[in-house]
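Remarks on the structure that follows.
Every number in this text was worked out from the coordinates using simple rules, so none of it is lab data. Since the structure is predicted, the reported quantities are computational estimates derived from the model, not experimental observations. Methodologically, a virtual Cβ is constructed for each residue, glycine included, from the backbone with ideal geometry; neighbour enumeration extends over all protein chains shown.
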Amino acid sequence: MPKGSPERTQARKDEIIAACEQLYQTMSFKEITLKEIGKVTSFTRTSIYNYFHTKEEIFLALLKKEYELWVEELESVMAENVGLDREVFADKIALSLEHRTQLLKIMSMNMYDMEANSRMENLVEFKRVYGQSLRTFDGLVSRYFPAMDEEERQGFLYQFFPFVYGIYPYTAVTDKQRKAMEEAGVEFSYMSVYEMTRNCLMRLLPDE
């Protein structure tokens, strides 16, 4: 790691993460390389290596950033609402995920490879934010559905969070995929992130 203040180091990391995020709008994970990231930053591939050893580490940092933004929105829901019924709660959570398409897109990638190709310190930083999202969501459910005990809330979380990881492929369908489904004679109802999330929550949460 190059010498410098923590603030300067973080600013350089943020620039690299932002470049990766920019490229991810038009390129696939496979197409993005450290060399490509270097082209849209002030860094060479070698200097990027001072901050991230692999592109998986950069994507993990981007995913961490997306989780932080989602947690902020979840916390604002709790701060702004004393009570919520099932329908309004489902609506607000569905909207929070509709705002985080980037989060869902990265989630749909191979997390095993991303985590396997990241150094432990980077993985621990990500897991801390992931853990914060679980605790925040559990706090939301505990506040707005007090009839659910700890075991029921845990069961809910272990159903909802795996579901979230699979949203993106069902809502961001390419023309090629759509055509293949048609030619294969597979009937498929295309739904938005909001629709999928709200429908799931309405089925998982108790009707109090």
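Counting only trypsin sites (Lys or Arg not before Pro) that DSSP places in a loop and that have at most 10 other Cβ atoms within 10 Å, the longest clean stretch of the chain runs over 31-208.
Using a cutoff of 8 angstrom between alpha carbon atoms and counting only pairs six or more residues apart, the relative contact order for the chain works out to 25 percent. Its Cα centre serving as origin, segment 1-52 has a Cβ charge dipole (Lys and Arg +1, Asp and Glu -1) of approximately 240 debye. Per-residue ellipticity at 222 nm computed for the chain from its helices equals -22000 deg cm²/dmol, with DSSP H segments shorter than 4 residues left out and the rest contributing -39,500 (n - 2.57).
Mind telling me which of V82, V124, V141 comes out most flexible in a GNM of the chain, alpha-carbon contacts under 10 Å? Looking only at V82, V124, V141, the largest GNM fluctuation is found for V82. Temperature 10 °C, viscosity 1.306 mPa s: under these conditions the Stokes-Einstein estimate for segment 66-204, based on its Kirkwood radius over C-alpha pairs, is 96 µm² per second. Against the chain, whose longest principal axis comes from its Cα atoms, helix 6-23 is set at around 70 degrees. Springs between alpha-carbon atoms under 10 Å, Gaussian network over the chain: tell me which of D14, D149, D175 tops the mean-square fluctuations. With Cα springs under 10 Å in the chain, the top fluctuation among D14, D149, D175 is at D175.
Magnitude of the charge dipole for segment 66-204, about its Cα centre and with charges confined to Cβ atoms of Lys, Arg (+1) and Asp, Glu (-1), is about 200 debye. Springs join every pair of Cα atoms under 10 Å in this Gaussian network model of the chain, and among A94, A184, A11 the largest mean-square fluctuation is at A184.
Loop-located chymotrypsin sites (Phe, Trp or Tyr not before Pro) across segment 115-208 with a Cβ neighbour count of 16 or fewer within 10 Å are F188, Y190, with loop assigned by DSSP.
For the chain, the longest principal axis of the Cα atoms and the long axis of helix 150-165 meet at an angle of about 50 degrees. The lysine pair tally for the chain, using Cα distances under 15 Å and a gap of 8 or more places or different chains, is 13.
Axis of helix 193-204 versus longest Cα principal axis of the chain: the two differ by about 50°, to the nearest ten degrees.
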